[in-house]
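The structure appears below as structure tokens.
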Amino acid sequence: MLNNIRSLTVWQKLAVTLIAVLLGFFNSFGRAYHDINGSIFTAGQGRYFVFWFGWTVLFALAMLVLLAYFNQPVEHLEHAAPTRLEEILQPLQSQRFIAKLLLVVWGIALLPFFPVISGWDFVAQVREMTTVRTTLPVENIYNIYPIAHYLTEQTTGMWSNQHGAILTALYGLPMKYSWLAFHSYLPAFILLGGLHFAFAIAVYSYSLAYFNRQISQSWIKIASLLLVLLNPAIFIFSTISLSKNPLFSSSSVLVLTLLFQLYQQKGRVDAKWKYLLFIGVLIGCIAVKWALPLYGVMALVLLVLYFREAAGSILFAMLLPVVILKVTTMALIGQGILIADDPIEAKGIQTQQIARFVKYDRQALTSVQSQQLDQLFDLDNLAHLYDPNITDPVKSSGYAKFSDPTALGYRYQTVNKSDWQPFNGIWLSLLQKRPDIYLDAFLSKLTGYFDLRSISANDMFATMVPDVIGNGYGSLQAGSSTLYNNPVRAHSIKAYNAVFDRPIIGFFLHGNFWIVLFLLVLPVFLATWRRLALALPVLLEIAIAALSPVNNSERYALGIIVIMPFILLMAAKLRPKEE
């Protein structure tokens, strides 16, 4: 073990130190933010320094043990002849066998949730495709998930890019025509749920079979298969959940597998690889808007690392889908067909910091700053609306504001584009005045993603909401309410939630557990730049989750949960002999 540690690169040693210190900080000082008014600057926080040191040492030791294991020469793990266990596991190298296994196990496990599960984002997408504007604000979906009216006035329809324009159409239009043709949404649910399920089966079976053909350690094959097969966070929410994050998570598994193939083959890829990666990236970009910058960055990194071997393939498979989605969205907005994104969506951390500033030190605002900020937000409401764990109240999301004036934060009805011009200047000025408030707002917004003892926000829906769409379209449960409201489904949801809320056994369902585990394994990928590129998509997903509207969200961490079994398989293959 000591010899393996001595052989670490400078980057690996530096990563072990930095990751241990950061994780130690979040698992000690991060506890201060379990109180909604908590601060690391509060008197009496000195005891956290002791915990910080202890956690840092534990995390460093954990990384060194993992490095020692994964850096063992591959010869120590190979046998002259296959063992009996390896012969038994031989079928796991077949995509067809794994697909049948997933089909049976997942199919049975998902019966209580047939035909689909989904949440409020799906409702919004259906309403955008089925309803028309009215004079009643509560009936216009862009008022519930607020988009500034100066943007909505540029179009006459309801279609927005709030939840991804193309995905909104792909979800909403089948629902619309299902109702018109059958006076029921059930055919559309079966179609959409079936397509999601088939895509998940194809992706997971392809990826598991590929990795199982590459590695020799039987226990890692078994562990990874069980994690995929039996983890409800994967087989429920990455299969028949009609939502953007689950669709992206399935596509990201395919993309990661193909990136590993690029690494294994030293850039010499074939046409099949190009088309599969194109499909994976395109579906990911359709699923979530933040996939565009993620895959844009990845494409540029891969071009640098594999320019001679695969520049054309990378441009086609990874950069072209990003360009297609971006140009399509811009064209739809330019033609007045699609409602543009509200600027507030890209200012989550900034708005949280300003809201916390207003709550704790509003008197430090100048009269000009107060006047300019009041054009954007109702400053009288901002202090009590501020929640360190979620940005939605400050953004005026939800129905409360229609009946309660004190629930209005963002002035989306009256704000103009020009009102945003002084925003960044004010933000910087307030940072200079109270950096402690800004740091608290930033840390309290993301600390849960790295604190093992913090139970994740259980924000993945395991049912179908009964919302009435309106404009002649009935409830989403119309004609098939017993499928969504029956004792079997209710007990299944209750059992899942009970496990989720348990601090130990629930770890396997919590996104922050898998984030911490990934960071502990990360130094394995720092031996070379090409290895680091394999881990880069997950690092970018973690950054996106940390900057998302919700602290410690299961939904935003789903992509990390589903991809970790394959990260472990990948790490098992990255032996010194393989370089």
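Dipole magnitude of segment 425-579 about its Cα centre, charges +1 at Lys/Arg Cβ and -1 at Asp/Glu Cβ only, in debye to the nearest 20? Mind showing how you got there, number by number?
Details: 13 positive and 10 negative charges, 66 e Å.
With only Lys, Arg, Asp and Glu charged at Cβ, the dipole is about 320 debye.
Among LEU439, VAL415, PRO405, whose Cα lies farthest out toward the positive end of the dipole of segment 393-456, if unit charges sit on the beta carbon of Lys, Arg (+1) and Asp, Glu (-1)?
Farthest along the dipole direction, towards plus: VAL415.
Along the charge dipole of segment 487-579, which of VAL524, VAL550, LEU540 sits closest to the positive end, that is, farthest toward it, with unit charges on the beta carbon of Lys, Arg, Asp and Glu (+1, +1, -1, -1)?
VAL524
Taking H placed 1.01 Å from N in the peptide plane, check which residues at least 5 places from ALA457 or on another chain put their amide H under 5 Å from its amide H.
When sequence neighbours closer than 5 places are left aside, the close amide H contacts are SER553, GLU554.
Excluding same-chain residues fewer than 8 positions from LYS221, which lysines have a Cα within less than 18 Å of its Cα?
In chain and number order, the partners are LYS100, LYS573.
Could you go through segment 487-498 in sequence order and give the Karplus-derived ³J(HN,Hα) for each residue, using 6.51 cos²θ - 1.76 cosθ + 1.60 with θ = phi - 60°, rounded to whole Hz, and x for Gly and Pro?
x, 5, 5, 4, 5, 5, 5, 4, 5, 4, 5, 5
Hey, rough spin-label estimate for LEU136 and SER370, points 7 angstrom out along Cα→Cβ, what's it come to in nanometres?
Here the answer is 3.9 nm between the modelled labels.
When the dipole is taken about the Cα centre of segment 487-579, and only Lys, Arg (+1) and Asp, Glu (-1) are charged at their Cβ, what size is it in debye, to the nearest 20?
On the way: 9 positive and 5 negative charges, 40 e Å.
Dipole magnitude for segment 487-579 comes out near 200 debye.
Let me make sure I get this right: for segment 408-487, a, b and c are the square roots of the gyration tensor eigenvalues over alpha carbons, sorted descending. Under 1.5 in a/c it's rounded, otherwise prolate if a/b > b/c, else oblate. Which is it? The partial results should precede the final answer.
Numbers: a/c = 6.29, a/b = 1.62, b/c = 3.89.
It is oblate, given that a/c is not under 1.5 and a/b is not larger than b/c.
Taking the Cα centre of the chain as origin, sum charge times position over the Cβ atoms of Lys and Arg (+1) and Asp and Glu (-1), and report the length of that vector in debye to the nearest 20. Spell out each step's value before the answer.
On the way: 41 positive and 32 negative charges, 254 e Å.
Using Cβ point charges on Lys, Arg, Asp and Glu, the chain gives about 1220 debye.
For the chain, what is the Kirkwood estimate of the hydrodynamic radius, computed as the reciprocal of the mean inverse distance between distinct Cα atoms, to one decimal in Å?
Working: mean 1/r = 0.0392 Å⁻¹.
Over the chain, the inverse of the mean reciprocal pair distance is 25.5 Å.
According to the Cα gyration tensor, what semi-axes, each the square root of 5 times an eigenvalue, does the equivalent ellipsoid of segment 256-408 have, listed from largest to smallest in whole Å?
Details: eigenvalues 391, 62, 38 Å².
That gives 44, 18, 14 Å for the three semi-axes.
Taking the Cα centre of each part, how many Å lie between segment 444-470 and segment 492-527?
Their Cα centres are 14 Å away from one another.
I'd like the Karplus ³J(HN,Hα) series for segment 164-180: coefficients 6.51, -1.76, 1.60, θ = phi - 60°, whole numbers in Hz, and an x wherever there's a Gly or Pro.
Karplus values, whole Hz, x for Gly and Pro: x, 4, 5, 5, 4, 5, 5, 8, x, 5, x, 5, 4, 6, 5, 5, 5.
Post the alpha-carbon centroid distance, segment 132-163 to segment 387-432, in whole angstrom.
Here the two parts' Cα centres lie 17 Å apart.
Taking H placed 1.01 Å from N in the peptide plane, check which residues at least 5 places from PHE377 or on another chain put their amide H under 5 Å from its amide H.
Correct list: ARG411.
Nearest 500 deg cm²/dmol is fine: what mean residue ellipticity at 222 nm does the chain get from its DSSP H runs of n ≥ 4 alone, each adding -39,500 (n - 2.57), divided by its residue count?
Numbers: 27 runs with 344 residues, N = 579.
Helix contribution divided over all residues of the chain: -18500 deg cm²/dmol.
Please work out the FRET efficiency for the pair ASP35 and LEU547, using the Cβ-Cβ distance as r and a Förster radius of 22 Å; give the result to the nearest 0.05.
Numbers: r = 23 Å, r/R0 = 1.03.
About 0.45, to the nearest 0.05.
For segment 329-373, with equal point scatterers placed on the C-alpha atoms only and solvent neglected, what are the log10 I(q)/I(0) values from the Debye formula at q = 0.21, 0.27 1/Å, to two decimals?
The computed values of log10 I(q)/I(0) come out as -0.74, -0.96.
Along the charge dipole of the chain, Cβ charges K/R +1 and D/E -1, which of SER94, TRP55, LEU18 sits furthest on the positive end?
SER94
What residues qualify as long-range amide H neighbours of ASP387, i.e. H under 5 Å apart, gap of 5 or more or another chain, H built at 1.01 Å from N?
Close amide H contacts, sequence-distant or interchain: VAL394.
Under 24 Å Cα-Cα from LYS347, which lysines qualify once same-chain neighbours fewer than 8 residues away are excluded?
LYS244, LYS289, LYS326, LYS359, LYS395, LYS401, LYS417, LYS433, LYS445
Any idea how far apart ILE337 and SER429 come out in nm if each label point goes 7 Å out from Cα toward Cβ?
Here the answer is 4.3 nm between the modelled labels.
Read the figures in this text as sums done on the coordinates, not as results from a lab. These numbers were taken from a predicted model, which means no experiment stands behind them. For neighbour counting, all protein chains shown are included, and Cβ atoms are generated from backbone atoms with ideal geometry for every residue, glycine included.
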